[in-house]
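The values are calculated or read from the model by the stated rules, or taken from the named source; none is laboratory data. Every value quoted in this text rests on a predicted model; they were computed, and no experiment measured them. Glycine also receives a Cβ, built like all others from the backbone with ideal geometry; neighbour counts cover every protein chain displayed. The area values use the complete protein model at the heavy-atom level, side chains included, leaving out ligands, DNA and RNA. Shrake-Rupley method; radii C 1.70, N 1.55, O 1.52, S 1.80 Å.
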Amino acid sequence: MSDYHTRFNILRTTDILEVKAETSSVKTFTLEDKLCSKAKPGQFLMLWIPGIDEIPLSILNAGDGQVSVAVKNVGDATRHLHEMNRGELVGVRGPFGNSFTESRGRVLLVGGGTGTAPLLFLAKRLAAKADRLSFIVGAKTKSELLFLKDLDTICSEESFLGTTEDGSFGIQCLATEPLEELLEKQNFNMIYTCGPEQMMRKVFDIAEKRRIPLEASLERLMRCGIGLCGSCMIGKYRVCRDGPVFNLSQLSEIKDEFGVSKLGFDGSVIPV
């Protein structure tokens, strides 16, 4: 392992600086960590909940010696983390993985669920440099939509599109459904996406058909975070080391698995 990865792989303990409830099931945790505060959009960290487990989390924001992550309560580790408060001790490794390419042209971001977090981080970086920034965000219902106030400050009304499956906010549909119509009306130099993998697969299929550059941030089971254990393999790639951000060409190589299957805790292949 290189000195670079050894440095970032050292576990550091730190206090939780702030806990903010975003929705009934998602909280944002802000930590103090000099290394992770230098993270780029798309990178992730490994967060250790003492006595429970260590989990990979996409980075929502970084800078000024601090790093923030948005965490959905979906299992034992995240449930314990959600019960923690400001001042309690956690451990952190990272940042790991590659990052999004920051395009200066006309860009479109498509996010779902907590996948909106790394895209918001990216959007803040692109806001001052991209020629045009458009954002599609989706959820099952309005109460599950994340970071709407933040997105309002970044996107103009005509460049933001919200979707909900129950019609409680924006258009009643999946986040991918307005995509074809939008691409008929506007030209984009890059599409970024993060969220449920079946959603990202649909975005990929549309981008591939229209030959629009795409970058997608993938999520897989990650134990080590540095490419040693192989638990996050997809095709020939290790998501933690070769990703988590993959471009259109790379995703084309792993079509048989992307949006279809992944490795389970016991190494078996399971549906996404």
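Things worth noting here:
- Restriction of the trypsin sites (Lys or Arg not before Pro) in the stretch 232-272 to DSSP coil positions whose beta-carbon has at most 10 other beta-carbons within 10 angstrom yields LYS236.
- Once C-alpha pairs closer than 8 Å and six or more residues apart are averaged by separation and normalised to the residue number of the stretch 87-225, the relative contact order reads 25 percent.
- Dipole of the chain, positive direction: furthest Cα of THR14, PHE265, ASN247, with charges on the beta-carbon: ASN247
- Taking the Cα centre of the stretch 1-137 as reference, the dipole from Cβ charges on Lys and Arg (+1) and Asp and Glu (-1) amounts to some 640 debye.
- A 1.4 Å probe run over the chain, with the rest of the protein chains in place, finds 47 Å² accessible per residue.
- DSSP beta bridges confined to the chain are antiparallel in about 60 percent of cases.
- Sites excluded, GluC sites (Glu not before Pro) in DSSP loops with at most 14 other C-beta within 10 Å, longest stretch of the chain: 166-272
- DSSP bridge orientation in the stretch 191-258 - percent antiparallel, rounded to nearest 5: 55
- Computed per residue of the chain from DSSP H runs no shorter than four, each worth -39500 (n - 2.57), the mean residue ellipticity at 222 nm is -6000 deg cm²/dmol.
- Candidate aspartates and glutamates - alpha carbon under 15 Å from LYS236, same-chain residues fewer than 8 apart omitted: GLU253, ASP256, GLU257
- Zero-based 5 Å bins, Cα pair distances in the stretch 1-134, whole percents: 2, 10, 20, 23, 19, 13, 8, 4, 1, 0
- Axis angle, to the nearest 10 degrees, between helix 197-210 and the longest C-alpha principal axis of the chain: 40 degrees.
- Listed cross-link partners LYS40/LYS72; LYS142/LYS209; LYS140/LYS209; LYS202/LYS262 are compared with a 29 Å cut-off, the Cα-Cα value being larger for LYS142/LYS209.
- 0 to 90° range, to nearest 10: angle between helix 116-126 axis and the chain longest Cα axis: 70
- When only the Cβ of Lys, Arg, Asp and Glu is charged (+1, +1, -1, -1), the dipole of the chain relative to its Cα centre reaches about 640 debye.
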